[in-house]
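Notes follow the structure.
Nothing in this text is a laboratory measurement; each read-out follows from the coordinates by a stated rule. The shown structure was predicted, so the numbers you read here are calculated from the model rather than taken from an experiment.
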Amino acid sequence: MKAPTCGYWCECWTQDVRGRELPELKASFDAYSAPQADRWVAVALRTISPALDADASNEAWEWLQNGRINTRRALLRMQPCTVSITQAHTRITWTIRPVAYLPLADRQAAQLPACAYAFRPQATD
């Protein structure tokens, strides 16, 4: 049996800062290294920055130019990190948490029983 693999669970959430709605998960990503995890946030920020207002764009570029190294250092110490920007009434937050990915049974290397190939899905009413 394989041992658990260390990695990072990354999420992107949005929330109306006026408090009218609950936070909403927009995306998630499983990273297997600190550089891969902070790169996910960096790519997202670079992608959306042209559409942001001046203040939000400044927040994004401040993290990209100065905050990213602190995020990387924290991730290498296996500490969780958060990056947030606010655009108009929307706060966008990326979270990165260290995790241990557990190996699951995979079908790639296993010989399946003959009955596995006999199953045919049927349409339901």
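For Gln87, what residues show an amide H to amide H distance below 5 Å, using hydrogens built from the backbone and excluding near sequence neighbours?
Excluding prolines and chain starts, which carry no amide H, the hits are Ile92.
Evaluated at 20 °C with a viscosity of 1.002 mPa s, what Stokes-Einstein diffusion coefficient in µm²/s does the stretch 1-104 have when Rh comes from the Kirkwood expression over alpha-carbon pairs?
149
Using each residue's phi in the stretch 56-64, evaluate 6.51 cos²θ - 1.76 cosθ + 1.60 at θ = phi - 60° and report the 3J(HN,Hα) Karplus result to the nearest Hz, with x for Gly and Pro.
For the stretch 56-64, the Karplus curve yields 5, 5, 4, 4, 4, 6, 4, 5, 4 Hz.
From the phi angles alone, apply the Karplus equation (6.51, -1.76, 1.60; θ = phi - 60°) to the stretch 88-96 and give each ³J(HN,Hα) in whole Hz, x where the residue is Gly or Pro.
Once θ is set to phi - 60°, the couplings for the stretch 88-96 become 6, 9, 10, 9, 10, 10, 9, 10, 10 Hz.
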